[in-house]
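Right, one structure below, let's go through it.
The values are calculated or read from the model by the stated rules, or taken from the named source; none is laboratory data. Since we're looking at a predicted model, the values are computed, not measured. Every residue, glycine among them, receives a Cβ derived from its backbone with ideal geometry; neighbour counts consider all protein chains shown.
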Amino acid sequence: MGPHHTTAWRSELVAVACCAAALAPAAAQEREPYLGAPIHYEDAARTDAVACLLAAVARGERAVAWDERRGWLPGLLAALDIPVESQVLVFSKTSLQTDRISPTTPRALYFNDEVVLGWIPGSPVMEVTALDPIQGPTFYALAQEGGALVPERRDDSCLSCHASPRTQGWPGHLVRSVHPDTRGFPVLRAGTFRTTHSSPFEERWGGWYVTGTHGAMRHMGNVTVAPGAERVDLDAGADVTDLAPRFDVARYPSPHSDLVALMVLEHQSEVQNVIARASYETRRALDYQRVLNAALREPEGHLSESTRRRIQRAAEDLVDQLLLKDEAPLRGPLAGTSGFATVFQARGVRDKAGRSLRDLDLEHRLFRLPCSYLVHSRAFAALPPELLAALWLDLGAILRGEDGARPMPQLGAGDRAAILAYLHETLSLLPEGF
């Protein structure tokens, strides 16, 4: 077959593919991108921390204690190694249990690197989000009843918010800031914000309790919208260290809603979203390439330029998040109240110089080294090899300061050298020559 005939043959294939897509049923075209091949998000198989714990309980290898006062919460905190110091409290009605959440009965969240537990005193249901290394955030509900520990997948109900335009259409975590009225309902006409480490400090934590000190900086937490107003008073909720005047703190395992824990949760949630999204996007690109290769009789593993660009974009988005490219600057010092900072830093992987990516700055930025500790996560290690290859090229060029590397103005020369040395010593995933 000559070049001319090859071109014509490929053009016909493209035309046939376009016609097939046009004639496909509307439901198939409108299906969410994470359902069905190649992602199969809806499938039951999971290896997240909750799924692993349940399997161990079923085998008789683990046990989770039931507590008459707080149900499964204390047992799960212990079994999943989630520190009680991570407790943060949200009182805005921005989750499924709106009838049970209010400024006097806030919803408590507890988290580690892989799991977030949601608990409300007296509620018959606990909410659990666990990060599967392949499939990303997985959503469970757990009946607060003694006996068997049987979480139920609640993806359908949770994904109405957690796979929305706020998460770019993919399953993801969502931290929101609103102007709450005295009952906790968001005053929507005043605007709402999705909170990440890039958010201006003054747009954070509306509808949340916040315990800690932050000097001249202001946030939206700890207060509701006054009658006749639309927005919260930023000064009224500043530097709160005791929540006892606001609600009955004795009902909760901790009296705190730690400022540092909130900042880490926001950073972690967004980086985990981008890790999962990069995996989804790459797997879709590779699946499309596989079909195209079969149709065009290309060698298995061939990547077209367009597929390489798709993977490269996903890699660059992830590198931006890992290096906190757009982090909002701090004017500290900032401090929490629960001891979370000490607990969090103690869990860090340290190099011979004693450095860890969990070491906190809290004066000018969140971390001393602007590189996310989630490079040590199972989800990062499980990323597709094609994506990791593109990521290492981009990240290596940036850290070595190579000509043509993408600009990262938040990184000084000392930061680049320290991150590069740290990764070389602590991250086994690095390819030769990184």
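Kindly check whether there is at least one residue in segment 270-280 that is hydroxyl-bearing (Ser, Thr, Tyr) and touching a Phe, Trp or Tyr at 6+ places or on another chain (Cβ under 7 Å). Yes, some residue in segment 270-280 is hydroxyl-bearing (Ser, Thr, Tyr) and touching a Phe, Trp or Tyr at 6+ places or on another chain (Cβ under 7 Å). Can you find a residue in segment 194-201 that is hydrophobic (A, V, I, L, M, F, W, C), in contact with a helix residue (DSSP H, G or I) (Cβ under 8 Å, 6 or more places away or on another chain) and outside the structural domain of residue 341 (by TED's automatic domain parsing)? No.
If I filter segment 330-356 down to residues being of a type in the set (Gly, Ala, Ser) and in a loop (DSSP other than H, G, I, E, B), which single residue comes out as farthest from residue 260 (Cα to Cα)?
Kept after step one, since they are of a type in the set (Gly, Ala, Ser), are these residues of segment 330-356: 332, 335-336, 338-339, 341, 346, 348, 353-354, 356.
Applying the additional criterion that residues be in a loop (DSSP other than H, G, I, E, B) yields 332, 338-339, 348, 353-354, 356.
Working: 332: 12, 338: 9, 339: 9, 348: 16, 353: 25, 354: 22, 356: 17 Å.
Filtering first and then ranking leaves 353.
Within segment 300-329, the set of residues being in contact with a helix residue (DSSP H, G or I) (Cβ under 7 Å, 6 or more places away or on another chain), over 30 Å from residue 357 (Cα atoms) and either aliphatic (A, V, I, L, M) or outside any helix (DSSP H, G or I) (or both) comprises 300, 302, 303, 304.
Residue-by-condition table, conditions (1) among the charged types (D, E, K, R); (2) over 27 Å from residue 267 (Cβ atoms):
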| residue | (1), (2) |
| --- | --- |
| 72 | no, yes |
| 94 | no, no |
| 99 | yes, yes |
| 104 | no, yes |
| 115 | no, no |
| 124 | no, yes |
| 137 | no, no |
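Yes/no matrix, rows are residues, columns are (1) closer than 25 Å to residue 259 by Cβ; (2) touching a helix residue (DSSP H, G or I) at 6+ places or on another chain (Cβ under 6 Å); (3) of a type outside the set (S, T, N, Q); (4) not assigned by TED's automatic domain parsing to the domain that holds residue 383:
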| residue | (1), (2), (3), (4) |
| --- | --- |
| 55 | no, no, yes, yes |
| 71 | no, no, yes, yes |
| 81 | yes, no, yes, yes |
| 105 | yes, no, no, yes |
| 133 | no, yes, yes, yes |
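Looking at 99, 155, which one is surrounded by fewer than 23 Cβ atoms within 10 Å (Cβ to Cβ), acidic (Asp, Glu) and within 21 Å of the chain's Cα centre (by Cα)? Please lay out each step first, then the result.
On the way: 99 fails: within 21 Å of the chain's Cα centre (by Cα).
None of the others qualify; the one that does is 155.
When the test is whether a residue is aromatic (Phe, Trp, Tyr) and either exposed (fewer than 15 other Cβ atoms within 10 Å of the Cβ) or more than 22 Å from residue 200 (Cα to Cα) (or both), residue 367 does not pass it.
Report, by residue number, each residue of segment 226-270 that is in a helix (DSSP H, G or I) and more than 16 Å from residue 334 (Cβ to Cβ).
Correct list: 249, 250, 251, 268, 269, 270.
Of all the residues in segment 340-359, those that are over 15 Å from residue 419 (Cβ atoms), in contact with a Leu (Cβ under 8 Å, 6 or more places away or on another chain) and either surrounded by fewer than 20 Cβ atoms within 10 Å (Cβ to Cβ) or not assigned by TED's automatic domain parsing to the domain that holds residue 328 (or both) number 1.
Table: residues versus (1) farther than 30 Å from residue 389 by Cβ; (2) surrounded by 17 or more Cβ atoms within 10 Å (Cβ to Cβ); (3) assigned by TED's automatic domain parsing to the domain that holds residue 392; (4) touching a residue at least 24 places away in the same chain (Cβ under 8 Å).
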site: 236; (1), (2), (3), (4): yes, no, no, no
site: 256; (1), (2), (3), (4): yes, yes, no, yes
site: 318; (1), (2), (3), (4): no, yes, yes, yes
site: 331; (1), (2), (3), (4): yes, no, yes, yes
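Do we have any residue at all in segment 346-353 that's touching a strand residue (DSSP E or B) at 6+ places or on another chain (Cβ under 8 Å), without any contact (Cβ under 8 Å) to a residue 60 or more places away in the chain and under 24 Å from residue 275 (Cα atoms)? Looking for residues that are touching a strand residue (DSSP E or B) at 6+ places or on another chain (Cβ under 8 Å), without any contact (Cβ under 8 Å) to a residue 60 or more places away in the chain and under 24 Å from residue 275 (Cα atoms), one finds none in segment 346-353, hence no. In a residue-by-residue description of segment 166-177, the property of being among the aromatic types (Phe, Trp, Tyr) and surrounded by fewer than 19 Cβ atoms within 10 Å (Cβ to Cβ) applies to no position.
If the condition is being crowded, with 20+ Cβ neighbours inside 10 Å and not β-branched (Val, Ile, Thr), then segment 184-198 contributes 184, 186, 197.
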